[in-house]
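Only the coordinates and a few stated rules stand behind these numbers; no lab work does. Keep in mind that this is a model prediction, so the values were computed, not measured. Please note: Cβ atoms are built from the backbone with ideal geometry, for glycine as well, and neighbour counts cover all protein chains shown.
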Amino acid sequence: MKGKKVGMVSVGLTKFMRRAKETPKELAYYSAKMALDNAGITRKDVDGVIIGSAPDAFDGVHQKHEYLTDGSGGFNLPTMRGYVGGGTGVFSPIQGWYSVASGMNDVVLITTEEKMSTIQPSAQAGFLTIFDNMIERNLGPNLVWIFALEMKRYMEKHGIPKEHIASVSVKNKGNALDHPSAMLGQKLTIEQVMNSEVLADPVHLLDISPVADGAVSFVMMSEDKIKEFGIPLDQVAWVDGVGWNVDTTIWTNRDLYYPKYVEKAAKQAYNMAGQKDHSPETLRKWLSFAEPYDPFNYKELHHLEGLQLFGKGEAPRAAFEGVTARDSDFPVTPSGGLLGVGNPIAAAAGMKAAEVYLQLTGQAGKRQIPKDVTRGLAQAWGDLMQVGTVLVMKGGQVQ
Amino acid sequence: MLPTKRNAKHNSVREVEGSFPIHFHYTAGISTEKFFLGLKEKKILGNTCATCNFTYLPPKIFCEDCFAELGNDTYKEVPQTGILESYTEIYYDFRGDKLETPYFLALIKVDETDTMFYHKLIDTENPKIGMKVSAIWNDDRKGSIHDLNGFKGI
Amino acid sequence: MELRGTKLSNDEFLNKVLSVTYYPELDYAWATGVAITKFLNGLKEGVIYGTKCNECSRVVCPPRMFCEECHTPMNEYVELPQTGIINTFSLAYIRTDATRRDKAEIPAVIDIDGTTISPSGFLHLINEDTPHDKVKVNAKVKAVWKSPEERKGDITDIKYFDIMED
């Protein structure tokens, strides 16, 4: 591990909602204040603030970081915003890590936020603006098209039955029933997912996570400060490894069946943590569970393969057979994920990083994984499908 | 350089034209909704952080300094007078078209508050920084920033 | 943990709580740049261009001004065949604005023949009158053009791609 030892000591979350009354900065305040309170510190103890938020177009505020600064606790403090699209929510705690590991800051407050209800007539209309204006927009694309094209390629390459992919929606929406932020926890059957409206074959309505409003915050600090504040180690999750990577922006020049950028980001994180054996069997023992990014059900599987946690084409059957259930050998997305808890973009991936913290510190309540958990991973993905961000954390008492 | 309307087309450069088919619906949120409802009643509401002895206008749900939550009991009506702290005269609209009638935008320190309030300066012949100003109300108030027509020099 | 946030119904959100609605008046004119101008001008003439990297010898489509691998200039334009294969496709019932259509349009990534990496090509549409059982990954397709008079140097100068019969 490079640099100073860095621990996450608390998280704060709002509810995830289709439409919030609160303004974006009010949502940010709720989660930031909760994270500070849970850490037992005040804003005066913070010496750096990090803000993560996805396209400005969703909240309808240009330079969202500036707008969110006071709500995120950044008034009169060095504040920065990282932005890698959907990958942002995991990238923000990575920024927290390097700003402390480098010695720049001792205590950082990190807030990820998105208020997608602001954009009208739909979030889809805003997503249009991420397509290439010269040779793609005039074809009338919808963001769902891109996922459909990727999902189709993935299924064709490995001969994956749709049922196997649909099982991820059933699992995650079920897990979300136990998440207090969740907007869409529900008991579903594979048939209900398969029979939901076809939007862009092979993508059906229940394959997709819902757009949302929400915020998630974290406090991270150096080992010295953790001792100084007397924070018990069972409330700490140490950052063990981080990685991120970007593939070509020309997405039609990339074989979509496999996320190489996730593989590169994951290996960077594993190597940083001293884990040099990247075989799936070894990694599934080394990590107790994972929170891969699941804006669509197939993405969880696609990412599990990129993360080297399953061989290429092997994750769908494992999910279908229950291997990734919360009470099984290798729990995946015990939180309920974007599919179940909701997808306020940066805050959604923030929620995944928060789940790793809550599981490792035994604070996940009804969602607590029944087996002992020592190490967990959060991963997100973004831009026009070419960014991977990976965060590995371990329990406070794990060497 | 003055803003200009985009009308010159350069033949040597190919362009693809487009716009974003979106609009925004911003909720006023917790504190600004209270503020707007106050304006509807011809009241200017701020709120005070007792710890920092600091009054925000418009009000906020939190103190940006000590980060305390500012609950319902922190709101209070502030005077409808203040001091002109700065102003500018606007000659062009957003599109770069020259306005027939220029107007003033001002920063006003409303009495008994600690922040600057941004609104129009109206019916004021010779604005001077430091002069006293007073709120002028719109007769047709709907709970928006336009419930105030602006501030006028006294 | 008591989580906060005030959920609103669509009616409350649009009509009940105080709010401000804003229509940004923004228009853009995006310069198409060096390589894509060449590509679009080619489409007007009924030609599909790619570029070749003099360093790594890759031939790619759409053309670019620099090779993202070698980070060197890419200025050798290559006329490519008007055929390719379907790398992946979708039967799409959802429009840009999220409204639904009854008949699917068929977006696809077309892997253009004559390129040296796979896939290398662009997003386009398969003729939507094609029977769905004929649309397959790896099916051979050819470009169907608008008439020369209708073409204006736009991606839509290619009407769509048709499946080639064996």
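Tabulated data for the structure shown
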quantity	calculated
Backbone N under 14 Å from the B:Met116 label point (7 Å along Cα→Cβ), restricted to the stretch B:76-96	B:83-89
Spin-label pair A:Asn138/A:Lys227, simplified geometry with 7 Å Cα→Cβ offset, distance in nm	6.5
Those GluC sites (Glu not before Pro) in the stretch B:14-119 that DSSP places in a loop and that have at most 13 other beta carbons within 10 Å	B:Glu41
Inter-chain Cβ neighbour average for residues C:22-34, partner chain, 10 Å	6
Sequence of A:Met155, A:Met194, C:Met74 once ranked by neighbouring C-beta atoms within 10 Å, starting from the fewest	A:Met194, A:Met155, C:Met74
Summed residue charge, Cβ within 12 Å of A:Trp251's Cβ, Lys/Arg positive, Asp/Glu negative	-4
Efficiency of FRET from Cβ geometry, C:Ser9 and B:Lys42, R₀ 30 Å, rounded to 0.05	0.45
Which listed pairs, of A:Lys25/A:Lys187; C:Lys44/C:Lys103; A:Lys157/A:Lys267; A:Lys25/A:Lys267, have C-alpha distances above 31 Å, in listed order	A:Lys25/A:Lys187; A:Lys25/A:Lys267
Local electrostatic count at A:Ile369 - Lys and Arg +1, Asp and Glu -1, tallied over other residues with Cβ under 14 Å	+1
Calculated FRET efficiency for the pair C:Ala98/B:Lys76, C-beta based, R₀ 60 Å, to 0.05	0.85
Rounded, prolate or oblate (a/c below 1.5 giving rounded, otherwise prolate when a/b exceeds b/c) for the protein assembly as shown by Cα gyration tensor	oblate
Taking C:Ile112, C:Ile117, A:Ile231 and counting other C-beta atoms within 10 Å, the order from fewest to most	C:Ile117, A:Ile231, C:Ile112
Modelled FRET efficiency - R0 35 Å, A:Asn76 with A:Asp327, Cβ distances, 0.05 increments	0.15
Top positive-direction residue, dipole computed over the stretch C:30-163 with Cβ charges, set C:Gly153, C:Ala35, C:His132	C:His132
Whole-Å distance, taken between Cα centres, linking the stretch A:357-383 and the stretch A:268-323	14
Dimensionless Rg over Rh [chain A; C-alpha; Kirkwood]	0.94
Rounded Å value of the spacing that divides the Cα centres of the stretch C:1-48 and the stretch C:127-166	28
For C:His124, A:His302, order by how many other beta-carbon atoms lie within 10 Å, fewest first	C:His124, A:His302
Around C:Leu123: net Lys/Arg minus Asp/Glu count, Cβ-Cβ under 11 Å	-1
For the stretch A:108-189, the spread of Cα positions along each principal axis, largest first, Å	45, 43, 31
When each of A:Lys115/B:Lys120; A:Lys2/A:Lys260; B:Lys40/B:Lys109; A:Lys4/A:Lys115; A:Lys33/C:Lys16; A:Lys371/C:Lys7 is checked by Cα-Cα distance, pairs over 26 Å	A:Lys115/B:Lys120; A:Lys4/A:Lys115; A:Lys33/C:Lys16; A:Lys371/C:Lys7
Rough spin-label spacing in nm, given labels placed 7 Å along Cα→Cβ, for A:Lys157 and B:Asn53	6.6
Contour excess over end-to-end distance, with Cα ends at A:Gln192 and A:Glu66 and 0.36 nm allotted per residue	41.0 nm
Helix-only CD estimate at 222 nm, as mean residue ellipticity for the protein assembly as shown, using -39500 (n - 2.57) per DSSP H run (n ≥ 4)	-7000 deg cm²/dmol
Residue-averaged beta-carbon neighbours from other chains (10 angstrom radius) around A:113-125	5
Descending semi-axes in whole angstrom, ellipsoid equivalent of the stretch C:8-145, from the Cα gyration tensor	37, 24, 14
Prolate/oblate/rounded label for the stretch B:106-154 (Cα gyration tensor, a/c 1.5)	oblate
Partners for C:Lys134 among aspartates and glutamates (Cα-Cα distance below 18 Å; same-chain residues under 8 apart left out)	A:Glu156, A:Asp201, C:Glu105, C:Asp111, C:Asp162, C:Glu165, C:Asp166
For residues of A:140-147, the mean tally of beta carbons on other chains within 10 Å	6
